Amino acid sequence: MTTPSLAQTASASPSGETSGLLPADRQELADQERLASWTVAKIRPQPYMNEIYWQLPDDTPAFFRDSLVQFVARTYDLTRDNSNGTKSQAWAAGGWVAFRSGLVGDIFGVHAAYYTSQKLFGPLDEDGTKLLAPGQNSIGTLGQIYGRAQFGDQEFRGGYQLVDTPLINPQDNRMVPNTFGGITLDSLPDKDRNYDYALGYLWNVKQRDSNDFIPMSDALAGDAINHGAAFGMVKYRPFTGLSTVVMDYYIQDYINSGFVQAEYDFKQPKNVPNWIVGANLITQQSVGANLLTGNSFQTGQFSAKLQMVYAGWTLFAAGSATDSASAIFSPFGTKPNYTDMQQVSFDSAGEKAIGGSVAYDFGYAAGLPGVSTGVWYTRGWDAIDPATQLAIPNRSELDVWLQYRPTEGPLKGFRLKTQYSSLWQQGNARDVQPEFRFIVDYTVLFRPPSK
């Protein structure tokens, strides 16, 4: 769904504070709205972009007059001492430039985005960060180019594009996002409508660490068979505070994957604690010729959360349980379960997990707007190897993050973020797998004034 990204919607806290304090990997790193969802008539001010307004003469064709251009500059360093005794590290610089035209005849337009991740440092024997293509090779690709036709409050798109749903999404937590080739029909954002939807057929994907588009079935199973994914999603908000999501995707002879989620936001005033409760369920089963595993399977994962925001603090608790038949397959984006952390998602076969986080926004009372920090810990147990039914050692992960991200002033559009994580699991060459990330973003949006 090309509505605001997970991070954008999460960054405004339930009580109206701009906290951005959900655990680090419950947010996308780019944390900015997707250009694919923007129309000049509805675009609102963007708190995390340096907006530069242009106003062309009224007789300028709408294709140019109502166009949008976004520049994202990013540098990213990641170092991880892997549990198998190896090391992965790289430092890259790049980002993207995206152009979205106005509409010709109030119907037709185009959209394009070029992405790049250039190697600044990356030993050949320390691959695996996903900041670069395999072999520590640079990335440079036209990740989006599609035509669009707008009819009322919906838009038809055909070509290479972003898709933003719980199970198929940009996964923008490295240098560049996943993009997909396909045809889609999406509702456009409208604050007066209590539902949104997206549906389509995707024939291939360019993953975040690749220059190349490959079939959806190839990304899932690594074989040469060319099958695409049909998907559909509906978001429904029946009344104030309650939001629901239902989606499904289907790849012939491989998998049918479903997702359902409900969250309730109590929407309390700023001066009292505000609570959010939520639960979701992922279901997956083999279909047709069972080409994914060679055998029939059916699995799923349930997770739930409790979140409280008050006086600059955000407290978050979550738990999950995965069916013993199989781990959850997720090659097309960030996982939507509430125990998805910086390094692992605690969704191995049979695994149960519980965790929590605490974070603080220093702009609330300390006079440091844009500065936030937090810590998150999750413990997982009872995981098994579904093929042998043998137990896998328990594991736990600790994440710590610090971020500076002003929403006004001369540094608006800038972000600096550091994330440190330690993953513990016995039975490996290393019992501890530490990882450090350092990210700097700067985003500029050239846009016409809102209508």
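The values are calculated or read from the model by the stated rules, or taken from the named source; none is laboratory data. Owing to the predicted nature of the structure, the values given are computational and were not obtained by experimental measurement. With ideal geometry, Cβ positions are generated from the backbone for all residues, glycine too; neighbour counts draw on all protein chains shown.
Residue count for segment 53-105 under the criterion of being among the aromatic types (Phe, Trp, Tyr) and either surrounded by 16 or more Cβ atoms within 10 Å (Cβ to Cβ) or part of a strand (DSSP E or B) (or both): the result is 6. Within segment 227-251, the residues that satisfy the criterion of being over 21 Å from Gln284 (Cβ atoms) and outside any strand (DSSP E or B) are Thr240, Gly241.
Among the residues here, Thr299 does not qualify as surrounded by fewer than 17 Cβ atoms within 10 Å (Cβ to Cβ), free of Cβ contacts under 8 Å to residues at least 60 places away in the same chain and hydroxyl-bearing (Ser, Thr, Tyr). Within segment 402-427, how many residues turn out to be touching a residue at least 40 places away in the same chain (Cβ under 8 Å), closer than 16 Å to Asn173 by Cα and either in contact with a helix residue (DSSP H, G or I) (Cβ under 9 Å, 6 or more places away or on another chain) or among the polar types (S, T, N, Q) (or both)? Residues that pass the stated criteria total 4.
Filtered by the rule that a residue be under 30 Å from Tyr249 (Cβ atoms) and either of a type in the set (Gly, Ala, Ser) or out of contact with any Ser or Thr (no Cβ under 9 Å at 6 or more places or on another chain) (or both), segment 306-331 gives Leu306, Ala317, Ala318, Gly319, Ser320, Ala321, Ser324, Ala325, Ser326, Ala327, Ser330, Pro331. Scanning segment 119-136 for residues that are in contact with a Gly (Cβ under 9 Å, 6 or more places away or on another chain) and buried (at least 16 other Cβ atoms within 10 Å of the Cβ) returns Asp127, Thr129, Leu131, Leu132, Gln136.
Within segment 178-195, the set of residues being closer than 25 Å to Arg237 by Cα and surrounded by fewer than 22 Cβ atoms within 10 Å (Cβ to Cβ) comprises Leu185, Ser187, Leu188, Pro189, Asp190, Lys191, Asp192, Arg193, Asn194, Tyr195. Has segment 390-408 got at least one residue that is farther than 19 Å from Val72 by Cβ, in a loop (DSSP other than H, G, I, E, B), modelled with pLDDT of 95 or more and among the small types (Gly, Ala, Ser)? No, that holds for no residue.
Filtering segment 151-196 to residues that are charged (D, E, K, R), in a strand (DSSP E or B) and within 21 Å of Asp106 (Cα to Cα) leaves Glu155, Arg157, Asp186.
Residue count for segment 362-382 satisfying the condition of being in a loop (DSSP other than H, G, I, E, B) and over 25 Å from Ile392 (Cα atoms): 9. Applying the set (1) on the phi < 0 side of the Ramachandran plot; (2) modelled with pLDDT of 95 or more; (3) surrounded by fewer than 22 Cβ atoms within 10 Å (Cβ to Cβ) to Met175 leaves exactly one unmet item: (3).
The residues of segment 106-137 that are under 25 Å from Gln419 (Cβ atoms) and either assigned to a strand (DSSP E or B) or in contact with a Phe, Trp or Tyr (Cβ under 6 Å, 6 or more places away or on another chain) (or both), listed by number, are Tyr115, Thr116, Ser117, Gln118, Lys119, Leu120, Phe121, Leu131, Ala133, Asn137. Just for strands (runs of 3 or more DSSP E) wholly inside segment 252-361: which have at least 2 residues that are in contact with an Asp or Glu (Cβ under 6 Å, 6 or more places away or on another chain)? Filter on segment 252-361 gives 274-286, 298-310. Considering segment 252-296, the residues that are among the aliphatic types (A, V, I, L, M) and within 19 Å of Val234 (Cα to Cα) include one that is surrounded by the most Cβ atoms within 10 Å (Cβ to Cβ), namely Ile282. When you look at Gln150, is it among the polar types (S, T, N, Q) and crowded, with 20+ Cβ neighbours inside 10 Å, yes or no? Spelling it out, it is not the case that Gln150 is among the polar types (S, T, N, Q) and crowded, with 20+ Cβ neighbours inside 10 Å. Leu411 passes every criterion in (1) at pLDDT 95 or above; (2) more than 19 Å from Ser320 (Cβ to Cβ); (3) touching a strand residue (DSSP E or B) at 6+ places or on another chain (Cβ under 8 Å) apart from (3).
Taken as a whole, the structure leaves Gly380 outside the set of residues that are modelled with pLDDT under 95 and either small (Gly, Ala, Ser) or surrounded by 18 or more Cβ atoms within 10 Å (Cβ to Cβ) (or both).
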